[in-house]
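Participant: I'd like to ask some things about the structure below.
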Amino acid sequence: MSTGAAPASPPRVVRADDAEAGALLASGWSVASESWGARLEVTEEVLLRCAAAVTAAESAGWELLVLGPADAGAITELDMRALVDYPVTPATRHAPPEPEALSRSLAAGERWAYGAAGPAGSLDAATVLYRSVGRETALVETDFTVTRAGVRGRGLATAVKAAAVLDLAAQGHERFATGGAGQNGASRRANEALGYVVTERWLHLVPPGDPRPSPCGSRSSTPPAGGVTTAT
């Protein structure tokens, strides 16, 4: 007969509006981290906001670019440099892509990428997006958005996401999705400035007595739509 302690319950990731979340919290579970998902529907107002964000970045000296397969190395290098700044939650983990894989994906039209280059030609911000598969409506989802540390807070993340919406809307795409860690308010505000609306919140819950937030857990459903963003 075993006399050892019963194994601890694994952490859970559940939607904040799910009845399971309320039940777990009522039974003593606690919130270790939060994440969110947001949607954007293309309207004239959204297009005006996006155009203004692009104009602001260009007026400040950056060039907004459509990036292609040849830019995969620069995108990956920028992403790698910012990796330590990504807020980590079970629903917003991020691993930088392999340059060759990203290049092939861009060449095949499976992903799109947009960037902001500074006066010296360096890639200072980028966003990578992909067409969703298996969702209820056609969506363009954000894979990741990243800004070089030295130029954060200047609206570049907003600008590259705006450039993406403008270009892809012109190609007929009308619905976009993104997401991020709850602790990254700058990311959420950058998206809301363009017209994204938060539609879902996710809670990473740990059981009573758990000594620290856990970086992993079991998902009870689909994680937030979209990808992750560094500090903007």
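Participant: Report yes if LEU168 is at pLDDT 95 or above, more than 19 Å from SER59 (Cβ to Cβ), surrounded by 15 or more Cβ atoms within 10 Å (Cβ to Cβ) and out of contact with any Lys or Arg (no Cβ under 9 Å at 6 or more places or on another chain), otherwise no. First the steps, then the outcome.
Facilitator: On the way: at pLDDT 95 or above: yes; more than 19 Å from SER59 (Cβ to Cβ): yes; surrounded by 15 or more Cβ atoms within 10 Å (Cβ to Cβ): yes; out of contact with any Lys or Arg (no Cβ under 9 Å at 6 or more places or on another chain): yes.
Considered against the rule, which asks whether it is at pLDDT 95 or above, more than 19 Å from SER59 (Cβ to Cβ), surrounded by 15 or more Cβ atoms within 10 Å (Cβ to Cβ) and out of contact with any Lys or Arg (no Cβ under 9 Å at 6 or more places or on another chain), LEU168 comes out as yes.
Participant: Taking the condition of being in contact with a Gly (Cβ under 7 Å, 6 or more places away or on another chain) and over 13 Å from LEU67 (Cβ atoms), how many residues in the stretch 119-143 meet it? Steps first, answer last, please.
Facilitator: Residues of the stretch 119-143 that are in contact with a Gly (Cβ under 7 Å, 6 or more places away or on another chain), as a first pass: 119, 123-126, 141-143.
Next, only the ones that are over 13 Å from LEU67 (Cβ atoms) stay: 119, 141-142.
Here the count works out to 3.
Participant: Any residue that is of a type in the set (Gly, Ala, Ser) and under 21 Å from GLU44 (Cα atoms) - is there at least one of those in the stretch 178-188? Before the answer, list the steps.
Facilitator: To start, the set of residues in the stretch 178-188 that are of a type in the set (Gly, Ala, Ser) comprises 179-182, 185-187.
The next check asks that each one be under 21 Å from GLU44 (Cα atoms); those that pass are none.
Within the stretch 178-188, none of the residues are of a type in the set (Gly, Ala, Ser) and under 21 Å from GLU44 (Cα atoms).
Participant: Is it the case that some residue within the stretch 136-152 is at positive phi and surrounded by fewer than 24 Cβ atoms within 10 Å (Cβ to Cβ)?
Facilitator: Restricting attention to the stretch 136-152, the residues satisfying the condition of being at positive phi are none.
No, the stretch 136-152 has no match at all.
Participant: Do we find that VAL133 is over 15 Å from the mean Cα position of the chain (by Cα), under 26 Å from GLU200 (Cβ atoms) and modelled with pLDDT under 95 in this structure? Step through it out loud before you land on a result.
Facilitator: Working: over 15 Å from the mean Cα position of the chain (by Cα): yes; under 26 Å from GLU200 (Cβ atoms): yes; modelled with pLDDT under 95: yes.
So VAL133 fits the description; yes.
Participant: Would you check which residues across the stretch 181-232 are under 28 Å from ALA149 (Cβ atoms), of a type in the set (A, V, I, L, M, F, W, C), in contact with a helix residue (DSSP H, G or I) (Cβ under 6 Å, 6 or more places away or on another chain) and modelled with pLDDT of 50 or more and list them?
Facilitator: Within the stretch 181-232, ALA190, ALA193, LEU194 qualify.
Participant: Sticking with this one: Mind listing whichever residues of the stretch 112-121 are under 15 Å from ALA74 (Cβ atoms), out of contact with any Asp or Glu (no Cβ under 6 Å at 6 or more places or on another chain) and at pLDDT 95 or above?
Facilitator: From the stretch 112-121, those under 15 Å from ALA74 (Cβ atoms) are 113-118, 120-121; that's our starting set.
Filter once more, so that each one left must be out of contact with any Asp or Glu (no Cβ under 6 Å at 6 or more places or on another chain): 113-115, 120-121.
Selection gives ALA113, TYR114, GLY115.
Participant: Still on this structure: Looking at the stretch 179-200, which of its residues are buried (at least 18 other Cβ atoms within 10 Å of the Cβ), aliphatic (A, V, I, L, M) and in a loop (DSSP other than H, G, I, E, B)?
Facilitator: Correct list: LEU194 only.
The values are calculated or read from the model by the stated rules, or taken from the named source; none is laboratory data. Remember, predicted model here, so these are calculated numbers, not experimental data. When we count neighbours, we look across all protein chains shown, and the Cβ atoms used for this are built from the backbone with ideal geometry, even at glycine.
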